[in-house]
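Data block below; observations after.
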């Protein structure tokens, strides 16, 4: 499980614990956890196709813990929202309103200021992986020729560095291939 995915699940768990959800909200939280790769936490829901706004405000009236939106259609029932969104493959943007004014650190780690298109996110991730592959290749190309002319102890260290770089290049290449495949599926 990626670190980003784990952080999003942790944030969702914290929100659920703070809201102490009832039956319909439990359905929503289960759905969001199952679709965590498509869930993005944002501070601004402007311009998104599928939105969830959760409120942790404990006031008695007017307490609206959930508001959903698909396209421009508001949905106030979490089960109806899940029923409609379950058949779609859109990103689900979630905004959480905190009554104490400042968002907790666990939320700040996952929340973006505004929505980023899935294609843009994938393209950014692909570029970051390519940069990491380039760095690992540089390390490999630098260390490999030094092995022949080094002492026994240096040789062991350099072989470790070369093997680590090789393993990282292979792992990153697999990730790159998966992301490029996912990006090609996103193209119209």
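The values are calculated or read from the model by the stated rules, or taken from the named source; none is laboratory data. Please read all numbers here as calculations on a predicted model, not as lab measurements. With ideal geometry, Cβ positions are generated from the backbone for all residues, glycine too; neighbour counts draw on all protein chains shown.
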Some residue of segment 90-104 being surrounded by 14 or more Cβ atoms within 10 Å (Cβ to Cβ) and part of a helix (DSSP H, G or I): no
Unique match (being modelled with pLDDT of 90 or more, more than 35 Å from the chain's Cα centre (by Cα) and part of a helix (DSSP H, G or I)) among 153, 168: 153
Residue in segment 124-131 that is under 13 Å from the mean Cα position of the chain (by Cα) and assigned to a helix (DSSP H, G or I) present: yes
Selection count, segment 105-122, where residues are in a helix (DSSP H, G or I) and exposed (fewer than 14 other Cβ atoms within 10 Å of the Cβ): 4
Residue check for residue 87: part of a loop (DSSP other than H, G, I, E, B) and surrounded by 14 or more Cβ atoms within 10 Å (Cβ to Cβ): no
Sole residue being surrounded by 13 or more Cβ atoms within 10 Å (Cβ to Cβ) and closer than 14 Å to residue 95 by Cβ, chosen from 38, 53: 53
Flag for residue 78 being surrounded by fewer than 14 Cβ atoms within 10 Å (Cβ to Cβ) and either modelled with pLDDT of 90 or more or closer than 24 Å to residue 17 by Cα (or both): no
